[in-house]
Each structure stands twice: as structure tokens, then as C-alpha cells.
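The structure appears below as C-alpha cells.
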Amino acid sequence: MTELFAGVVGGLGLFFVGMWFLTENLKALASRRLGRAASRWTENRFPALLWGALAGSVTQSMSALTFIVVSILRSGLVKTQGALALILGGGFGVTVLVLIVTLDIGVLAFYVLGLSGMVVVAGKPARYRHLAASFLGGAMIIIGLVLLRDAAAPLAEQPWFRDMLEASGNSLAAAFLAAVFLTCVVRSASVVAVFDIILAGAGILSADQAIMAMYGSVLGSGVIVYLLSAGLTGRSRQVAMYLVGYSILVCAVLVPLLYCEILFDIPLVKALVLSVDLDLEQQLALIYVLAGVILVPVMLASLDWSVRMLESMWPTDQVDELSRPRFIHGHASVDVDTSLVLVDLEQRRLMKSLSLYFNAVREGESVGPLRDSSRKLLADVGGFLDDLQALHPMQGVENRDAMRSRQKLLGWLENALGDLGETLAGIGNRSALAQFKEVTCESVDGVLLSMIEAMETNDEATWEIAKQLTGDRSKMMRDFRVQYLEMDPPLENLEQIDILLITNSVEEVFFLLSKVEKEFNPAFQEEHVPHA
């Protein structure tokens, strides 16, 4: 008995480790250049569908694929229509492995495991290491599922296991709901589908129960994405809910068709697939593949309508817009000077968004989503500069390096302002620090807004005001610390910590703003960055 469970647990372990190994090394192989290629391939819905099928076959997880697509969408590399086409293709891709596992490919997987493992350990040539590690992860996934398949068959022969399944009364509804639950637990519809196919091959489940369970695993994938996407908004939420709706629609079509075949003896999907001259396990795997593609033509034809419906139900919000680059568009221009001007525009736009942190504090909202959008934009601009250096290593070196320095400075400023905003938001309305919170919020935001106004007008007098407002505030913050830390009655320990955190953050913010003033002020711009 212990050996039987060891095979199941070991197979699951290999599957999940292989999936992690595969996705992590694919991330290392991925680059913005690959992202640009993906953006070109997804401009048309049919190449996007094929690209999604490939991505789904690699990730073997619709939830993982969905959030990868969400990340690409937020980068502005693909449009919403392209993202939805990727999701449709991924639904087919994740089903392919189930069919592969039913074939006799275990020996091949072991060869791939051994050869790729030797390359990974040797580490030479280094440029192939991540690629070899990806093959290693893929082989582990297949071997894990094969091990699970081999262990499930003898487990199914155990009397207690048969009794447990028979207790359900051979109910199709019970098989469907059990598959939904198991998919949510193991986070992989493929694992549940393989297990169901093995049970049907061993005669423990009927073909009808196995088919219904596979449909349940499809819905389970949608449930996982629904639960994990609760905090998403805007376009990100639209993509996630598209997968949820697609999963529901697949079950809404296929489940009644199966009941029609059973109750009225009408030959439909099951009869078509079971008529193919294959083993039962392979026939059931084909039904699982068919579930991934049966509605694709209709969904692909209605993409534009789907986008309009999703936008009406989950409209784009401010945070979603802030995270999307508006000028760089995911690719570096042939003209280096023009590219640096686009970077300059994105950086000025980022400065405006930083003031929104204080609006969130005033309204009692979390600063976290705004910080995520700012960091996302910073990462995209940094990647754009990396692309520019790779494409034009000898052009505009001095101006590009100056822009990189400004990019680092803005990253430090975001970090300081974000920490300050989160600390202020955490104070709440405690009476002892309520006034201190309000004064700090309004004064720092006022200086930041004066800096933004100077950037917009480029007026010499406005820049002079911004220059006077920024600079060293260490003495003022020391006085605040003394005033509040020596209050009678004394502040609580948590409040004293807040005072220290806030005053330190304010000192850092003003120091960084004085540097930002020099970076954007036209008097210094000739030396540091190209004219915008």
C-alpha cells in the first residue's frame, strides 16, 4: 500500500518540479526581443492562436498561462484581442500532453532527461544551459505523469478504493464535481484528466464518468483563475474572466451533449471519438483534446464582440492605464535620439503618477496597486533602454547613460515615496499623529506637484520655485522627531516607529527631489539628457 501511494505522490512531485523547472528556465530564455516577436505574431488572431497553443503545451497550466498573458498585456506588447487569442490557443495546448502520456513515450522521455541533465550539470556551452534545463523540466513533467499513470492502475484495483468510488453511485454529477475540486487542489487539469483516464482504463470508472470528470477539470481551471484574479482590474481582469467564461461555456455545451448521447442514444462527440480505432485511454485523451478546440472557431470569430463585452463589464481603470507604456510601444526606434525623447516622455509621465500616492492616502485607499503600476512602467522603460543599447551600442552612448542614471534616480524616488505613502496610510486616524500625517502628506505632495508643474511648463521662474522647495530637510525632520518623541504623555511604541519611518523617508524624498530637479531642469538638461 505504501509503495502504491509513493508512486502517486512521486509522480505528482516530479510533475510539479518539472513544471517549475520548465517555466523558470523559459523565463531566463525570454527577452524583450522575444516579446517584440510575440507582439508581431499576435497582431493577427490566427498566429496568436498557434502561439498560445505552443505556450499552453509548454506551461501545462491555464492559470499560469493566463497570468503570463496578463503580464504581456500590461506591458503593452499585445492588444486585448491578441491576448484572448493566446488564451484560446492555450486551452488546446494544455490538452496535448494528456494525449502524449497515453502513448508509449516513457523511454524517449528518459533519454531527454539524461542528455539534458548532463548539459545542465556540465554548464558548457553556457548559452545552452537554460535551454537544456527547459528540456529537463519537460522530461520531468512527462515522466511524472507516466509514473502517476503506472501507479494509479494498481491503486485502482484496491478493494477500498473501488468501494469508495462505488459509494458515489456511479453518478456523473459526482464525477464532475470531484474533478472540479481536485483540479482546484492540485492546480492542474492535466493531472486530473490523466488520473481519470487511468481509472477508466482499469475499469473503475465508466467512459461516461471519465468524460464527465474531464469536463469538470476544464471548469476547475476556470475556478482557479477566478479565485486568483480577484485582485485584478481593467484589462488584466478582462483576460482572466475571458478564460473563466470560456471554461463555463465549454462545459455548458459539452455536458448537455453527453447527456443527450446517454439518455437519447444520439451519436455525438463521444460516439465520434470512440469510433476511432484506438485504445480506450487514447480515445478518452482525444475527447479531452476535443474539449480544448471544439468552441475555438466560434470564439475566434467573435473576438471583437468579446472584447467589447468585457470592456463594458470590467472597464479599464486608472491603475491599469498607468502601468502601460504610452510612448515607447515595446520596441526601440531606429533613431536613437528619438528613442531617448520617448523615454524622457515616459519618465515625465511617471513623475505625475507618483503624486497619486498621496491622493490614495487622503482617501484611505491602499498605495500598493499604484506602486505596482509605477514599478511595472519603470521596468518597461528600463527594458527599452536595454534594447536600445543592444541595437545601437555605439550611438548616443553619453545621452543614453545619462538617461539610465535618471532612470535609477526615479526608481529610488518611487521607493522612497511609496514607503512614505504606505507608512502614512497605515497610521489611519489615530488622534496623536493625525495632524502630523496631514501636514506631511500635504507638504511633500505640494513640493512634488511644484516639480511636476515645472516639468510641464519649463518656465524659468517655476523651476526656481521648485529648486527652492527641494533640498536638505534633515534639521526640520530632527525637530519633528524631538517634538513627537518627547510628547507628554509619550507616544506608543508603534507610533514612535511611525515617526522615525516617516521623517527618514521625508529626508530621503527631499534629497532625491533635489537631484530630480537638476535632471529635468533645462539649465542642467543639456548636460544630462537630450532635449525632449
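The values are calculated or read from the model by the stated rules, or taken from the named source; none is laboratory data. From a predicted model like this one, the values you see are computed outputs, not experimental measurements. Every residue, glycine among them, receives a Cβ derived from its backbone with ideal geometry; neighbour counts consider all protein chains shown. All accessible areas refer to the heavy atoms of the entire protein, side chains included, with ligands and DNA or RNA removed. Shrake-Rupley method; radii C 1.70, N 1.55, O 1.52, S 1.80 Å.
If you stretched the chain out fully between residue 459 and residue 9, how much longer would it get, using 0.36 nm times the residue separation minus the C-alpha to C-alpha distance?
Working: separation 450, 0.36 × 450 = 162.00 nm, distance 6.83 nm.
Here the answer is 155.2 nm.
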Kindly rank 416-424, 108-116, 482-490 from highest to lowest mean number of other beta carbons found within 10 Å of each residue.
416-424, 108-116, 482-490
Which percent of the accessible area of segment 405-458 is formed by carbon and sulfur heavy atoms (probe 1.4 angstrom)?
48
Residue 318 versus residue 257: modelled label distance in nm, points set 7 Å from Cα along the beta carbon direction
4.7
How do 282-295, 315-328 rank on mean C-beta neighbours within 10 Å, highest first?
282-295, 315-328
With Cα atoms, 0 to 90° folded angle of helix 303-313 axis to the chain main axis
60
Tilt, helix 397-427 to longest principal axis of the chain (alpha-carbon atoms), in degrees rounded to tens, equals 80
How far, in nm, would the chain grow between residue 280 and residue 20 when pulled straight, counting 0.36 nm per residue and subtracting the alpha carbon separation?
90.5 nm
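Taking 0.36 nm per intervening residue step and subtracting the Cα-Cα distance, what contour gain separates residue 500 from residue 305 on full extension? Show your work: numbers first, answer last.
On the way: separation 195, 0.36 × 195 = 70.20 nm, distance 5.37 nm.
That works out to 64.8 nm of additional length.
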Using the basic label-point model (7 angstrom from Cα toward the beta carbon), what is the residue 111 to residue 485 distance in nanometres?
7.1
For the chain, the longest principal axis of the Cα atoms and the Cα long axis of helix 32-41 enclose an angle in degrees, to the nearest 10, of 60
Inter-label distance for residue 474 and residue 442, nm, one decimal - labels placed 7 Å from Cα along Cα-to-Cβ:
2.9
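Run lengths n ≥ 4 of DSSP H only: what is the helix-derived mean residue ellipticity at 222 nm for the chain, with -39500 (n - 2.57) per run over all residues, to the nearest 500?
Numbers: 26 runs with 430 residues, N = 532.
For the chain, the value works out to -27000 deg cm²/dmol.
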Under 19 Å between C-alpha atoms is the cut-off here; go through the chain and count lysine pairs that meet it, provided they're at least eight residues apart or on different chains.
15
